[in-house]
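Notes to accompany the following structure.
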Amino acid sequence: SNQGMALVHDDCLVPTHDAPELGYIRESTSQQYVPDVFFKEKDKYGEMTKIARPLPVEYLLVQMPAAFPLDPKPMFIENPSCPFPIENRQELGEDQNFNSLMKYIQSQHGTFLTTASNFHFLLFLASSETLPVHDKVFALCDAVRQRDVGAAQAWCSGQEWATVLQIMEAQGGFADGSEPMSVDGAPQTLGALASGVSSQWECKHCTFHNISAAQNCEVCGLPR
């Protein structure tokens, strides 16, 4: 318990030599003041308060129940056939970089929620400050936690993810010419994905460029 750790940290609680089930609270000295510690115990006469010299160690233990669900629903999904590289494993030849991101997106053929349900993929997006999505990952994490397909769809339809797709397209897409994962589960080319989510409309009031799915301007709030 926190109380037990605090007593040990302040050198107030020490073990006993002959009874491992008991501890002992030191007495105050001229060099160290130790407050009196009490505990309650029941006997045949009722409840009584005793000073912790000695102190049963069981009073400092915290019970931690452990169980396994009958119907487990893991938050993160790891596909052994197309994993995302694990962080901090450069010495083992596993690098997290933009190329590994492209290969991971290439290997996905399900919904975007399934693609995003990878802990290492989310951590890479959140820690890569050069990507425009690194400060938008919290919303995607909420979608993964709630298994919300619609929220994941809305996130990947945003301008930030569209920019990432456009960067991939600018770098030549995928060398083997295969089709990457789609937003809704249907295979599409990377160029189609990028163009489909990156179309914009210009606000006639403030000239801000909004994503195609937005009905109101993100800056001035006026309708399209």
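The values are calculated or read from the model by the stated rules, or taken from the named source; none is laboratory data. Note that this is a predicted model, so its numbers are computed, not measured. Backbone-built Cβ (ideal geometry, glycine too); neighbour counts: all protein chains shown. The area values use the complete protein model at the heavy-atom level, side chains included, leaving out ligands, DNA and RNA. Shrake-Rupley method; radii C 1.70, N 1.55, O 1.52, S 1.80 Å.
Which GluC sites (Glu not before Pro) in the stretch 23-52 pass both tests, a DSSP loop state and at most 15 other beta-carbon atoms within 10 Å? Counting only loop positions with at most 15 other Cβ atoms within 10 Å, the GluC sites (Glu not before Pro) in the stretch 23-52 are Glu27. Contact order, relative form, for the chain: 12 percent (alpha carbon pairs under 8 Å, 6 or more residues apart, mean separation divided by residue count). With N the number of residues in the stretch 7-137, Rg(Cα) / (2.2 N^0.38 Å) evaluates to 1.95. Length, then width, then depth: along the principal axes, the Cα atoms of the stretch 57-123 run 55, 33, 17 Å. Once the Kirkwood radius over Cα pairs is known for the chain, the Stokes-Einstein relation at 4 °C and 1.567 mPa s delivers a diffusion coefficient of 57 µm²/s.
By a 1.4 Å probe calculation restricted to protein chains, Lys103 has an accessible surface near 140 Å², given to the nearest 10.
Across the stretch 14-98, the mean sequence separation of Cα contacts (distance under 8 Å, 6 or more residues apart), normalised by length, yields a relative contact order of 19 percent. Using the Cβ atoms and a cut-off under 15 Å, what net charge is assigned to the surroundings of Glu87, where Lys and Arg are +1 and Asp and Glu are -1? With Lys, Arg at +1 and Asp, Glu at -1, the net is -4.
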